[in-house]
1. Those residues that are part of a loop (DSSP other than H, G, I, E, B) and within 23 Å of residue 246 (Cα to Cα), I need them from segment 319-330; list them, please.
2. Among the residues of segment 13-28, how many are buried (at least 16 other Cβ atoms within 10 Å of the Cβ) and either part of a loop (DSSP other than H, G, I, E, B) or modelled with pLDDT under 75 (or both)?
3. Let me confirm something: among 288, 297, which residue is touching a helix residue (DSSP H, G or I) at 6+ places or on another chain (Cβ under 7 Å) and either surrounded by 18 or more Cβ atoms within 10 Å (Cβ to Cβ) or within 19 Å of residue 235 (Cβ to Cβ) (or both)?
4. Can you tell me which residue among 313, 369, 346, 361 is in contact with a helix residue (DSSP H, G or I) (Cβ under 7 Å, 6 or more places away or on another chain), outside the structural domain of residue 159 (by TED's automatic domain parsing) and either surrounded by fewer than 18 Cβ atoms within 10 Å (Cβ to Cβ) or over 15 Å from residue 252 (Cα atoms) (or both)?
5. Hey, among 315, 253, which residue is assigned to a strand (DSSP E or B) and under 22 Å from residue 364 (Cα atoms)?
6. Within segment 109-139, how many residues are modelled with pLDDT under 85 and either in a loop (DSSP other than H, G, I, E, B) or under 25 Å from the mean Cα position of the chain (by Cα) (or both)?
7. Assess whether residue 275 counts as being in a helix (DSSP H, G or I), out of contact with any strand residue (DSSP E or B) (no Cβ under 8 Å at 6 or more places or on another chain), touching a residue at least 24 places away in the same chain (Cβ under 8 Å) and at negative phi.
8. All but one of (1) surrounded by 14 or more Cβ atoms within 10 Å (Cβ to Cβ); (2) modelled with pLDDT under 60 hold for residue 188; state the number of the condition that does not hold.
């Protein structure tokens, strides 16, 4: 193999870069710390943003670049293989094999070229599982098109094909087949079907916002203890997802079944509009699953007393900057951003479309429900109450 062109960064530099990333540095900062600021973007994208794909420390059984430089210096000085090996603390056969394998075509030994040849041999590229199994790849792509998560796909593949080990795939394999360049397994555009819609992994950051106090609030600390353990159905969490131009969609999630309702708000998301939409959504549900509602301290819930009158739901408010107090709803809002991306107008989505999206979410198997769907879980609750 003949090598021409720009010499790439030594493995030690790439290892230093990835150690910085794993320690929490942004990839730009990690590249500067590693002393190779122009390489960070290439390495990060080639790994798909997956830290585990980055270079790690090499075992001491393999020669390092520094040792290869010692070999090159020794050979240039006319030292024998045994002398060089003794200086390195290596077996003579190790040095002899290194020189034989990695000499250039003209018989000269260059440390940087030897390092590159050794790394190329060690790579041993392996085809991705989804690249060689067309049936599995098509099944996975179909589920991604239906907005299933990689974990849902992994579990349900094992359940749907229990006797076929060739139809097994881990969720991490699915992620990497989308994220990592050059694997050629899944279409790159399927990244848009993931909840984040991102083609690279990156940390999520959230910012809090300040809100005034709503009159008559009953705080979550006064909520009945039965709500916390999710054993009793009928307790809901709610919020708004916001789009451009003051557009919004209301979201409601039942805590025990994760059943989702979406509120169509074509006239705005003031307190009156939200209360009216909620009354309409709850009207078709039996009283035994209309017990309480937990919301954050958004001004859209100023008419909470009217919500209680119209729906029978006792309304409780989360503490400021505490989204985890309605974790089911936060998770659902993340799922909904696959259908209603940030930075877009939500006013273009009609009531029928919202009902179709809710139906699709309610038909997805959920790990927390033992891989039942929210619709199945709700049906069981209603059947038990009948």
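The values are calculated or read from the model by the stated rules, or taken from the named source; none is laboratory data. Worth saying up front: this structure is predicted, and the values here are computed from it rather than measured. Neighbour counts run over all protein chains shown; Cβ positions are idealised from the backbone, glycine included.
1. If the condition is that a residue be part of a loop (DSSP other than H, G, I, E, B) and within 23 Å of residue 246 (Cα to Cα), then 320, 321 are the ones that fit.
2. Qualifying residue count for the region: 2.
3. Details: 297 fails: touching a helix residue (DSSP H, G or I) at 6+ places or on another chain (Cβ under 7 Å).
Every option except 288 fails the conditions.
4. Answer to the check: 369.
5. Of 315, 253, the one residue that is assigned to a strand (DSSP E or B) and under 22 Å from residue 364 (Cα atoms) is 253.
6. Total meeting the criteria: 12.
7. In short, yes.
8. Unmet condition: (1).
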